[in-house]
Amino acid sequence: MNQTIRRWAFPVFALFMLVLPALPVPEFWITQSNYIGLYAIVALGLVLLTGVGGLTSFGQAAFVGVGAYTAAYMATQMGVSPWLTLFAGQALSIAAALLVGALTLRMSGHYLPLATICWGLALNYAMANMDFLGKYDGLLGVPTIQFFGFDLGTGRGLHVLVWALALLCALAVTRLLDSRPGRAIRALKNGATMAEAMGISTFHYKLTIFVIAGMLAGLSGWLFAHLQGTVNPTPFSISKGIEYLFIAVLGGVGQVWGAFLGSAVVRIVDDQLQVWLPRLIGTSGNFETIVFGIVLIAVLKYAPDGLWTFIARRVPAPRRLRDWEGAAALPAREKPGRGEVVLEVDKIRKEFGGLVAVNDISFQIRGADIVGLIGPNGAGKSTTFNLITGVLPATSGQVQYRGQAIAGLASRRIARLGISRTFQHVKMIPEMTVLENVALGSYLRTRAGTVAAMLRLDRAEERRAFAEAERQLQRIGMQEQMHELAGNLALGPQRLMEIARALATDPALLLLDEPAAGLRHKEKQALAAVLRQLKAEGMSILLVEHDMDFVMGLTDRIVVMEFGTRLIEGTPEEVQASPAVRAAYLGTEH
Ligand code: ADP
Ligand code: MG
């Protein structure tokens with residue numbers, strides 16, 4: 001039943017919107033529907049940018065203005081065909097997004113929202129003060145769009161174009177989100193660390209979604225100019241930018257169809273309020289703004305995920321079709337030989353202010369070795385992981401991986417070389433399935449880009465990525481749970497999922513930070529068996545673990561840390577016999 005609804009909802013809705021102008025619908029509703037389509041195209045960009053990517057922009061109205069003014073100026077002053085102005089508007093939107101994005105997206109926190117406000121204000125000011133753009137009066141007499149000699153006009157004809165484009169954009173964004181670049185984009189919101197550890201350039205994808213959002217807004221502006229026949233600065237002001245954000249939040253942050261629902265609700269309610277409020281209050285004015293402010297607060301409080309969730313909850317997402325049976329394996333890395341030095345850590349040091357978290361630690365890992373890193377809480381084990389994997393810069397010291405100095409390299413470069421890891425505090429995308437989370441691991445072994453994903457040219461490669469993800473889940477004993485949402489898993493399975501994700505990167509060296517924490521005895525035994533199997537296949541492993549039995553039975557060598565310093569290094573037997581280690585562990589519960 002749900003499957004049927006899911007399958008047919010889009011075609012039925014699309015068909016309905018496309019034939020709507022042919023039905024005896026009053027002109028008023030055609031106009032409303034045109035505006036809803038225009039808003040939805042802008043809001044789609046914000047779904048991707050803000051909802052999925054976690055980047056807030058107040059400046060989308062300015063991008064709409066770029067598209068609209070380009071269309072109006074080129075059509076009225078230069079007599080250029082609208083189909084050419086569309087490309088010019090898109091080129092300008094891309095250029096503006098690249099500029100604003102490149103300047104601000106490397107910085108974290110509030111820079112982007114602030115930059116988009118500045119960009120919105122500046123552009124609006126420019127529009128209102130440029131002679132050639134007609135200042136506050138704007139540009140009048142924008143011609144309608146001709147399509148093979150057919151005048152689309154500003155009503156029913158244009159409706160077909162508006163909705164054809166809006167639906168295509170929705171389809172493209174939907175497809176993008178379900179792809180290799182889509183998984184990278186969905187990884188942005190939960191901090192850069194995990195994504196970068198999977199080899200993803202988070203900056204690249206932030207810029208990508210900012211450009212896509214700018215292009216969508218520019219497209220909406222192009223349609224807007226031809227729908228209104230005039231452009232002036234007002235509809236592209238910062239308050240309109242806030243309204244677009246409001247639409248996206250109201251409809252459902254991160255929900256493609258929320259963009260349409262939000263647009264429809266805002267357009268229709270706004271229109272009705274403008275009719276009814278003055279009658280109720282007795283004076284005219286922009287009272288609807290106040291009502292929207294109250295609505296926004298109510299939505300944020302009672303439906304923080306937006307209105308679309310009420311619909312999405314009724315029709316849960318279907319299981320992904322298992323279409324990857326027999327897909328070719330992804331390319332694999334050549335593993336280092338047994339006994340070859342894989343990792344050489346040489347006096348690495350990390351100081352946090354006055355605290356020396358890692359104090360000149362040195363050790364080696366050889367091919368197919370399992371090395372344990374143990375020590376009480378706060379000993380500096382996780383920090384050592386972060387230094388090796390480039391999450392944190394070392395204060396001093398060297399790390400050689402297969403003969404190459406890697407200290408100072410970015411985390412994603414180190415991942416590319418074949419080091420993968422898990423995190424002590426699980427880092428995942430809770431709203432994606434276990435399978436998709438693991439597929440994120442194969443990012444560096446696949447290539448499909450944003451455009452290919454939108455055009456669905458990536459399916460063969462996707463099948464290979466999912467086959468690999470399933471294989472790794474099977475290996476770790478989690479195949480049964482592959483269709484579950486990662487956020488619904490218990491902590492133990494979440495850790496196992498992270499191991500499967502790390503394995504999907506096809507590493508030569510695997511760093512596991514407390515993988516057995518939260519696992520039951522049986523699960524620990526199963527995990528130990530998996531790690532032995534990996535070792536037999538030539539994988540080198542560095543393991544942080546508190547469970548002594550687990551570590552003793554599994555490792556070739558053990559490094560014991562305490563207060564950032566190396567207490568002892570040796571075989572499990574040597575470590576167990578060491579009085580220093582006993583002393584360090586005395587008084588702790590291990
Ligand atoms: P372990 O993993 O062995 O339990 P950690 O490496 O997490 O230990 O921490 C080692 C020490 O460094 C602790 O005292 C911890 O508080 C400190 N520390 C870890 N990360 C940071 C950080 N980002 N800023 C400041 N201090 C930190
Ligand atoms: Mg730790």
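Among residues that are out of contact with any Asp or Glu (no Cβ under 7 Å at 6 or more places or on another chain), farther than 30 Å from R322 by Cα and not in a strand (DSSP E or B), E574 is included.
So which of A312, A317 ends up being of a type outside the set (K, R), over 20 Å from Q60 (Cα atoms) and not in a helix (DSSP H, G or I)?
A317
The residue that is farthest from K350 (Cα to Cα), among those in the range 569-590 that are buried (at least 16 other Cβ atoms within 10 Å of the Cβ) and in contact with a helix residue (DSSP H, G or I) (Cβ under 7 Å, 6 or more places away or on another chain), is P572. Looking at L519, L511, L503, L542 in this structure, which one is over 22 Å from A357 (Cβ atoms), at pLDDT 95 or above and surrounded by 15 or more Cβ atoms within 10 Å (Cβ to Cβ)? Selected residue: L503, the only one of L519, L511, L503, L542 that is over 22 Å from A357 (Cβ atoms), at pLDDT 95 or above and surrounded by 15 or more Cβ atoms within 10 Å (Cβ to Cβ).
Considering the range 384-395, the residues that are within 26 Å of the chain's Cα centre (by Cα) and of a type in the set (S, T, N, Q) include one that is farthest from ligand 2 (Cβ to nearest atom), namely T389.
Does N437 qualify as being crowded, with 21+ Cβ neighbours inside 10 Å, outside any loop (DSSP other than H, G, I, E, B), more than 16 Å from ligand 2 (Cβ to nearest atom) and at pLDDT 95 or above? The answer is yes for N437.
Please state which one of R532, R495 is crowded, with 21+ Cβ neighbours inside 10 Å, assigned to a helix (DSSP H, G or I) and basic (K, R).
Working: R532 fails: crowded, with 21+ Cβ neighbours inside 10 Å.
Result of the check over R532, R495: R495.
Would you confirm whether or not the range 386-404 contains a residue that is free of Cβ contacts under 8 Å to residues at least 40 places away in the same chain, away from ligand 1 (no atom under 16 Å from the Cβ), out of contact with any Asp or Glu (no Cβ under 9 Å at 6 or more places or on another chain) and not basic (K, R)? Yes, the range 386-404 contains a residue that is free of Cβ contacts under 8 Å to residues at least 40 places away in the same chain, away from ligand 1 (no atom under 16 Å from the Cβ), out of contact with any Asp or Glu (no Cβ under 9 Å at 6 or more places or on another chain) and not basic (K, R). Under the condition of being away from ligand 1 (no atom under 12 Å from the Cβ), among the small types (G, A, S) and either over 21 Å from I406 (Cα atoms) or touching a Ser or Thr at 6+ places or on another chain (Cβ under 9 Å) (or both), the residues counted in the range 331-381 number 4.
With respect to the conditions (1) touching a Cys at 6+ places or on another chain (Cβ under 9 Å); (2) closer than 21 Å to S108 by Cα, L216 lacks only one, and its number is (2). Among the residues of the range 314-332, those that are surrounded by 13 or more Cβ atoms within 10 Å (Cβ to Cβ) and closer than 25 Å to A508 by Cα comprise A327, L330.
Of the residues contained in the range 437-454, none is found to be charged (D, E, K, R) and within 12 Å of ligand 1 (Cβ to nearest atom).
Can you pull out every residue in the range 553-565 that is surrounded by fewer than 20 Cβ atoms within 10 Å (Cβ to Cβ) and either touching a residue at least 40 places away in the same chain (Cβ under 8 Å) or of a type in the set (F, W, Y) (or both)? If the condition is that a residue be surrounded by fewer than 20 Cβ atoms within 10 Å (Cβ to Cβ) and either touching a residue at least 40 places away in the same chain (Cβ under 8 Å) or of a type in the set (F, W, Y) (or both), then D556, R557, F563, T565 are the ones that fit.
Yes/no matrix, rows are residues, columns are (1) buried (at least 17 other Cβ atoms within 10 Å of the Cβ); (2) within 16 Å of ligand 2 (Cβ to nearest atom); (3) of a type in the set (F, W, Y); (4) within 18 Å of D556 (Cβ to Cβ):
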site: D305; (1), (2), (3), (4): yes, no, no, no
site: D360; (1), (2), (3), (4): no, no, no, no
site: I365; (1), (2), (3), (4): yes, no, no, yes
site: G397; (1), (2), (3), (4): yes, no, no, no
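Restricting the range 473-522 to residues that are touching a residue at least 12 places away in the same chain (Cβ under 8 Å), charged (D, E, K, R) and more than 27 Å from A332 (Cβ to Cβ) leaves a set whose member that is nearest to ligand 1 (Cβ to nearest atom) is E514.
The values are calculated or read from the model by the stated rules, or taken from the named source; none is laboratory data. From a predicted model like this one, the values you see are computed outputs, not experimental measurements. Neighbour counts run over all protein chains shown; Cβ positions are idealised from the backbone, glycine included.
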